[in-house]
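Every number in this text was worked out from the coordinates using simple rules, so none of it is lab data. Note that the coordinates shown come from a computational prediction; the quantities given were computed from them, not determined experimentally. All Cβ positions, even for glycine, are placed from backbone atoms using ideal geometry, and neighbour counts span all protein chains on display.
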Amino acid sequence: MIDIARIKAITLDLDDTLWPIWPTIARAEEALLGWLAHHAPGTAALCATPGLQRQVREQMPLLRPDLASDMSALRREAIRVLLGRAGESPDLAEPAFEFFFEQRQKVELFADVLPALDFLKSRYPLVSVSNGNADIHKVGLGQYFTAALSAHQLGIAKPDVRIFHAGAQAAGVLPHEVLHIGDDAHLDCVGGLDAGMQVVWVNREAHTWGHEDKQPHLEVRDLHALCGHWPDYVGG
């Protein structure tokens, strides 16, 4: 169980904690296909192959390990590779990515998110800690957060304890005074535990916990269930 008395700040993951990521990416990739049809039709024809955009994107960390913690750069380079395969100008990679990036910010929040953020923000400073490239201001949640940290910004990614410690520092507290909330058992929970934080595993899909040597302080199906551990929470 979490020790509420210890909590002085909260760090939050974004993708798949506050909104489902893969529907968001699928919509952005579909929109990008439409953009390419106007600006790079050969690449659009190539990308019409189901799953090709994502396949190339997933290959990029091996091709460009120097960009491993920068999701935006990996996506931009994936677009550049696709343009090259189609024999079209690689200079289109930047405007194509900018279009994709704007579409990627059009998220659909889980129903429990806004009531939970309202409740938690009224009690603690909130800091987002993400390996992804969502922009909390562009997705419409900037008013809830004291700070937003990303793997791209820091050059380190979860589960590296340094990104968690940076989150605590941004909130102005010590790591053991932080409650970290996230959906990924390894990246969020094991990383947060190693950083000395209390952790909550938001397990929306009823996954099996796979780390027998460590346990989250709390497992919940959604943020409403988490906030229910505060006796004065009324929401849902």
query = Once the piece of chain linking Asp66 and Glu205 is laid out straight, how much longer is it, given 0.36 nm per residue of separation minus the C-alpha distance between them?
reply = 46.8 nm
request  = Any chance you could list P(r) for the chain, counting all Cα-Cα pairs in 5 angstrom bins from zero, rounded to whole %?
outcome  = 1, 7, 14, 17, 17, 14, 11, 8, 6, 3, 1, 0, 0
request  = Could you tell me the distance between the Cα centroids of segment 112-182 and segment 61-95, to the nearest Å?
outcome  = 28
remark   = Of 19-27, 149-157, ordering from highest average Cβ density within 10 Å down gives 149-157, 19-27
ask   = So for Asp188, Asp66, Asp135, fewest C-beta neighbours within 10 Å to most, what's the order?
value = Asp66, Asp135, Asp188
request  = Sticking with the crude label model, points 7 Å out along Cα→Cβ, report the distance from Gln153 to Ala37 in nm, one decimal please.
outcome  = 3.6
task = Mind giving me the FRET efficiency for Ile4 and Asp213? R0 is 25 Å, r the Cβ-Cβ distance, nearest 0.05 is fine.
result = 0.45
ask   = Between the helical axis of 93-104 and the dominant principal axis of the chain, each derived from Cα atoms, what acute angle in degrees is found, rounded to the nearest 10?
value = 40
request  = Let me know the whole percent of all Cα-Cα pairs from segment 21-104 that are separated by more than 18 Å.
outcome  = 34
Environment charge at Gly191 (Cβ cut-off 9 Å; Lys +1, Arg +1, Asp -1, Glu -1) = -3
request  = Compute the long axis of helix 71-85 from its Cα atoms, compare it with the longest principal axis of the Cα atoms of the chain, and write down the angle in degrees, 0 to 90, nearest 10.
outcome  = 20
ask   = Assuming a viscosity of 1.002 mPa s and a temperature of 20 °C, what translational diffusion coefficient in µm² per second does Stokes-Einstein assign to segment 29-162, Rh being the Kirkwood radius over Cα pairs?
value = 130
